[in-house]
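Report on the structure given below.
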Amino acid sequence: GAGGPPAQRAVNSASSHLSLEQVGLLLDELRRRSGGAAPLLVLPKVYLTARLVPNHTQPRVVPSKERAAYSAAEAAIAKRLRGSEHVWAVPDGSNDDWYWMLAN
């Protein structure tokens with residue numbers, strides 16, 4: 001859709017970090033609006049496997065001291081998403097935009 005993937009809007013503008021809590025709320029709302037159909041989520045694998053919230057998909061670029069730890073709620077959401085067949089976790093080195101375009 002126009003303006004990029006909806007989950008991109010779940011970036012907290014104050015911290016520039018992706019909020020998995022906001023992503024979880026967005027997915028729940030999309031599921032509710034679609035009558036229970038699960039939306040497809042496409043995002044870099046690092047967001048589901050990292051212990052620290054990356055604000056860039058290449059951790060080497062952003063020192064760990066500049067990243068925050070996931071909250072317990074975000075860790076639970078990441079675990080739920082890792083087990084979902086409706087999540088495309090884009091491998092390291094891949095561009096998630098290509099996967100998003102393929103899905104559209």
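The values are calculated or read from the model by the stated rules, or taken from the named source; none is laboratory data. What you see is a predicted model, and the numbers here were worked out from it, not measured in a lab. Glycine also receives a Cβ, built like all others from the backbone with ideal geometry; neighbour counts cover every protein chain displayed. What goes into the accessible areas is simple: the full protein's heavy atoms, side chains included, and nothing from ligands, DNA or RNA. Shrake-Rupley method; radii C 1.70, N 1.55, O 1.52, S 1.80 Å.
What ranking of Glu21, Glu74 comes out by heavy-atom accessible area, probe 1.4 Å, highest first?
So, going from the largest accessible area down, we get Glu21, Glu74.
How far apart, in nm, are two points set 7 Å out from the Cα along the Cα-to-Cβ line at Arg82 and at Leu102?
2.2
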